[in-house]
1. Among the candidates A:142, A:81, single out the residue that is among the hydrophobic types (A, V, I, L, M, F, W, C) and farther than 30 Å from residue A:208 by Cα.
2. When you look at residue A:254, is it away from every other protein chain (no Cβ under 14 Å), surrounded by fewer than 17 Cβ atoms within 10 Å (Cβ to Cβ) and assigned to a helix (DSSP H, G or I), yes or no?
3. In this structure, is residue A:234 free of Cβ contacts under 8 Å to residues at least 40 places away in the same chain, in contact with a helix residue (DSSP H, G or I) (Cβ under 9 Å, 6 or more places away or on another chain) and assigned to a helix (DSSP H, G or I)?
4. Mind checking which residues of region A:82-113 are in a loop (DSSP other than H, G, I, E, B) and aromatic (Phe, Trp, Tyr)?
5. Does residue B:163 count as more than 30 Å from residue B:43 (Cβ to Cβ), within 14 Å of chain A (Cβ to nearest Cβ) and modelled with pLDDT of 90 or more?
6. Please determine whether any residue of region B:79-91 is closer than 24 Å to residue A:191 by Cα, more than 16 Å from the chain's Cα centre (by Cα) and surrounded by fewer than 16 Cβ atoms within 10 Å (Cβ to Cβ).
7. Hey, among A:151, A:135, A:116, which residue is under 26 Å from residue A:239 (Cα atoms) and part of a helix (DSSP H, G or I)?
8. List, please: which pairs have Cβ atoms under 6 Å, are six or more places apart or on different chains, and start with a residue in region B:74-101 that is facing another protein chain (nearest Cβ under 7 Å) and end with one that is basic (Lys, Arg) and surrounded by 23 or more Cβ atoms within 10 Å (Cβ to Cβ)?
Amino acid sequence: MSAEAQFETVVQAKKAKVFAFPAQSSTRRVDLRKVAANVARSVVPPLIVVLLVLLVWQIACATPGASLPPPSLVWEQAGELIWNPFFDYGNGDIGLAWRVLASLQRVAIGFGFAALVGVAVGAFIGQSVWAMRGLDPIFQILRTVPPLAWLPLSLAAFRDSHPSAIFVIFITAVWPVIINTAVGVRNIPNDYRNVAAILRLNPIEFFFKVMVPAAAPYIFTGLRIGIGLSWLAIVAAEMLTGGVGIGFFIWDAWNSSRLPDIIVALVYIGVVGFMLDRLVAGFGAFITRGTAAN
Amino acid sequence: MAGYLKIDHVDKSFERNGVTSEVLKDISLEIEQGEVISIIGHSGCGKSTLLNLIAGLTEVTSGAIFLEDKTVSEPGPERAVVFQNHSLLPWLTVYENVNLAVGKVFGAKKSKAERHEWIMHNLDLVQMGHARDKRPAEISGGMKQRVGIARALAMEPKILLLDEPFGALDALTRAHLQDAVMEIHGRLNNTMIMITHDVDEAVLLSDRIVMMTNGPAARIGEVLEVPLGRPRQRLELAGDRTYLKCREAVLKFLYERHRFVEAA
């Protein structure tokens with residue numbers, strides 16, 4: 001509590017400084033201070049909350065016989081997983097970064113296919129009324145099937161866990177991409193179509209020069225939902241298929257009662273998922289910089 | 001061969017939910033090369049439909065349209081359209097928007113340097129060379145419309161079709177662009193068909209004014225010759241007798257004989 005109060009005064013002091021000397025200080029210095037204040041505003045509050053949560057957690061789980069380990073025990077027993085993500089002791093005893101990378105590789109392949117197929121199929125559905133009528137109801141039903149429900153079928157089809165996991169990623173991520181792309185393509189203003197018609201753009205030129213850029217904001221919304229779902233699905237799929245990966249690591253840790261490891265892995269998954277989301281969102285914002293503002 | 005562009009007994013009707021609505025009825029018109037034609041009429045009379053038919057964006061129900069004795073059946077760059085809402089692609093810069101058209105129309109015929117020169121030539125024609133690297137969102141409505149005109153001109157169209165090109169602009173900007181269009185016509189002597197709501201615009205710019213009756217099943221009510229020499233000066237014409245007479249004739253047609261009742 002006192003920390004928070006202190007922080008408040010710090011921020012106010014900073015604000016006061018900025019507003020006190022606007023004329024004398026150069027713009028660059030004002031900017032730096034503003035940046036610093038912004039960083040403080042966005043970083044310090046979550047930091048305080050995390051510390052508070054850790055504190056409460058520590059108090060709650062410190063009693064002997066508590067079913068979950070307190071943060072101090074996590075640090076003690078799984079510390080190396082936190083501060084050395086890249087170790088490799090052989091025999092599959094490797095740091096979490098390697099496991100995350102293995103999972104990310106699966107996601108990259110599965111999501112990559114989902115993006116390509118999703119945009120192509122979505123464009124087709126968005127263009128054709130009959131494809132829309134025929135396929136949309138089927139997609140609407142299939143997209144509600146939980147990712148893991150596909151796994152047995154996919155194991156039976158591929159007879160190998162690696163492609164099965166990738167297929168689960170694909171089938172999870174592809175629906176939002178298809179549906180959002182189709183909506184985006186249907187919403188392309190008629191004027192753009194008229195321009196394309198007058199220029200006699202062929203279907204391929206139309207696809208790359210008009211359709212994709214015009215539907216890009218929708219496509220990226222779909223991709224962003226898709227990457228989030230992929231990351232959800234890969235962890236669950238790996239818990240069942242085994243092999244190297246962050247999902248299997250959790251399952252393995254559970255089987256050998258290493259709860260602290262699980263907690264560290266959860267943090268990794270959360271952070272990586274967040275970064276994936278930001279990555280796609282940032283990429284989308286960069287690509288569509290001209291499109292949103294008309 | 002009579003008429004550069006020939007519209008021959010064209011009907012157009014749309015069918016929706018089994019109900020057929022006639023929009024245009026028995027439209028016939030012949031336009032010579034280099035002529036500037038305005039089509040004027042109350043809203044809903046099918047002016048835009050007529051322009052879309054000439055552009056090839058909509059198909060005729062019966063009758064035919066010929067350009068240089070060839071039937072118009074699909075859209076193409078030889079009938080370039082300047083759209084009311086500019087229709088520039090917002091993710092491309094001004095230069096890239098014109099380049100899209102030039103690349104498609106002259107990609108095989110001109111070298112890269114020639115295409116660049118041609119793009120800049122057309123942008124300079126509408127005085128937009130300075131904004132070549134701006135995106136449509138960064139320039140004003142009048143500037144967007146200028147770029148729209150540059151894009152259309154860059155296709156070197158046989159006929160330039162303008163669909164209420166200045167309708168969304170304020171009066172001053174509109175006057176500037178009208179002057180620009182007159183100047184371009186003076187230089188290129190291109191054939192233009194323009195849809196407008198504005199009586200002054202019609203008289204100022206055109207050689208003939210096509211006045212449409214009210215829909216449904218609109219037809220050409222009257223074609224008025226504007227016997228004014230070129231180049232025309234807005235200020236000199238303001239008190240000119242011929243100009244005023246033409247203006248009066250159009251006003252009479254629109255507000256006496258074919259008053260748009262629903263709009264009142």
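1. Numbers: A:142 fails: farther than 30 Å from residue A:208 by Cα.
Matching residue, one of A:142, A:81: A:81.
2. Working: away from every other protein chain (no Cβ under 14 Å): yes; surrounded by fewer than 17 Cβ atoms within 10 Å (Cβ to Cβ): yes; assigned to a helix (DSSP H, G or I): yes.
Yes.
3. Details: free of Cβ contacts under 8 Å to residues at least 40 places away in the same chain: no; in contact with a helix residue (DSSP H, G or I) (Cβ under 9 Å, 6 or more places away or on another chain): yes; assigned to a helix (DSSP H, G or I): yes.
Taking the combined requirement at face value, the residue does not satisfy it.
4. If we filter region A:82-113 for residues that are in a loop (DSSP other than H, G, I, E, B), which is where we start, we get A:84-87, A:89-93, A:95.
Residues satisfying the conditions are A:86, A:87, A:89.
5. Values: more than 30 Å from residue B:43 (Cβ to Cβ): no; within 14 Å of chain A (Cβ to nearest Cβ): yes; modelled with pLDDT of 90 or more: yes.
So residue B:163 does not fit the description; no.
6. First, the residues of region B:79-91 that are closer than 24 Å to residue A:191 by Cα: B:79-91.
Adding the requirement that they be more than 16 Å from the chain's Cα centre (by Cα) leaves B:88-91.
Next cut, surrounded by fewer than 16 Cβ atoms within 10 Å (Cβ to Cβ) only: none.
So far as region B:79-91 goes, no, none of its residues is closer than 24 Å to residue A:191 by Cα, more than 16 Å from the chain's Cα centre (by Cα) and surrounded by fewer than 16 Cβ atoms within 10 Å (Cβ to Cβ).
7. Numbers: A:135 fails: under 26 Å from residue A:239 (Cα atoms); A:116 fails: under 26 Å from residue A:239 (Cα atoms).
So the residue among A:151, A:135, A:116 that is under 26 Å from residue A:239 (Cα atoms) and part of a helix (DSSP H, G or I) is A:151.
8. B:101/B:151
The values are calculated or read from the model by the stated rules, or taken from the named source; none is laboratory data. The structure displayed is predicted, hence computed values, not measured ones. Cβ sites come from the backbone with ideal geometry, for glycine too, and all protein chains shown count toward neighbours.
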